[in-house]
Amino acid sequence: MVHLRSLFIERDLMREAEERVLESYRRGGVSSVIWTVTYACNLRCRHCYEAAGSPLSNELDTEEALNLIKELRELGKPILFISGGEPLLRDDIYIILKESVDAGMRVILSSNGTLIDDIVADKIADTKVHYVALSIYGPEKFHDYFTRVLGSFRRTVNALRLLRERSMKIGIKTTVTRENYRHIPYLFYLAKKLEASLVYICDFIPIGRGSNMEKMALSNMEWRRLMDILIEDILLNNGYRDIEIDIGAHPSTAIYALLKLRELGFNVDHAIQRLRLKRENPIGQGFISISPSGDILLSNFLPSIKLGNIREIRIRDAIKNDLYRLLGDSNNLKGICGKCSYRHLCGGCRVKAYYKYGDLFEEDPSCIVYR
């Protein structure tokens, strides 16, 4: 994830989270984990890479979930993103959240927000999770079209308000496509209005329910235009100085921002030093994903590439896998990524390389610096 504000402007904004990532990686080789706790979902979003709807028949039970939390604690307490599907559809979700927090991990709950009323907001607040990120894709009419559930926008906005009333840190997350990238500035306006401290913009990966929407992915030129807006109108606008800009599945945006800000006269040496500690593409460098059934994955976007299953192997042993180790070394990259002088800072998107070329080590087709 590219944290533009903390990387280039407000250096202390994400310092605690980044220090936790590095410390966990040093201790056990795992820095951050996305745990998809269920594929059950009450929405039917057009773009969903998981095609979420019904739960798997073999999803981890409560005891297995608690064993996983214990293992993560022993590994070094990585940052833990708990997602779905819709995680609030799990009967034991509050147990999972509380036990994860009590284990000493920084826990971020990712939800669509439509199930959060006063009672649920109280339960979430009681778990002491560090952050709650809810999905919004644009203004009301577009959002409801995108989720395919009428009224979902109003319920999600109300959920954000309920969580803020309980003094919880909140963020807005979205997936950017050609259909909604013109709405990105609106999401920052809404974030400011609702006192959200982060807007997460994930690039669209056309798999799952979105596999027939390949033409909806932004072109590299469109991404450059979007980055110019994010830098000039959001990042350098004091009106949004309390809102972090987080970009997912697009590591070259960090290099694009670095070069643009340097051109504008900013000193980017500190950003380069931080990227040398941890490149933007984390695959092979401490990041893993856990599926609802316990599969240990390189990425939640790569469900077919498994390092093992927690029912059969410990995570500490799974990350010793040769593929994982090789992906962690940017010198093994091919094409433009392999020749790029920023390869150790960026690493390119391995997910997009795989879906474009069938090769995890190939160049990133979405690079906005050299393509």
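None of the figures in this text is laboratory data; all of them are computed from the coordinates on show. In this text the structure is predicted, and so the values were computed from the model without any measurement. Positions of Cβ are backbone-derived with ideal geometry, glycine not excepted, and every protein chain shown enters the neighbour counts.
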Do any strands (runs of 3 or more DSSP E) entirely within the range 134-250 hold 1 or more residues that are among the basic types (Lys, Arg), and if so, which? 170-176
Can you tell me which residue is nearest to Tyr186 (Cα to Cα) among those in the range 136-157 that are aromatic (Phe, Trp, Tyr) and crowded, with 21+ Cβ neighbours inside 10 Å? Tyr137
Scanning the range 195-215 for residues that are surrounded by fewer than 18 Cβ atoms within 10 Å (Cβ to Cβ) and among the aliphatic types (A, V, I, L, M) gives Met213
Which pairs have Cβ atoms under 7 Å, sit 6 or more apart or on different chains, and link a residue in the range 291-314 that is over 13 Å from Tyr49 (Cβ atoms) to one that is small (Gly, Ala, Ser)? Ile296/Gly308; Ile296/Ala318; Leu307/Ala318; Gly308/Ala318; Asn309/Gly294; Ile310/Gly294; Arg311/Gly294
Would you kindly identify the helices (runs of 4 or more DSSP H) lying entirely within the range 9-109 that contain at least 2 residues that are in contact (Cβ under 8 Å) with a residue 60 or more places away in the chain? 15-28, 62-75
Residues of the range 331-361 being closer than 17 Å to Leu258 by Cβ, of a type in the set (Gly, Ala, Ser) and surrounded by fewer than 18 Cβ atoms within 10 Å (Cβ to Cβ), which ones? Ser341
Here the residues within the range 53-110 that are under 22 Å from Pro303 (Cα atoms) and small (Gly, Ala, Ser) are Gly53, Ser54, Ser57, Ala65, Ser83, Gly84, Gly85, Ser110
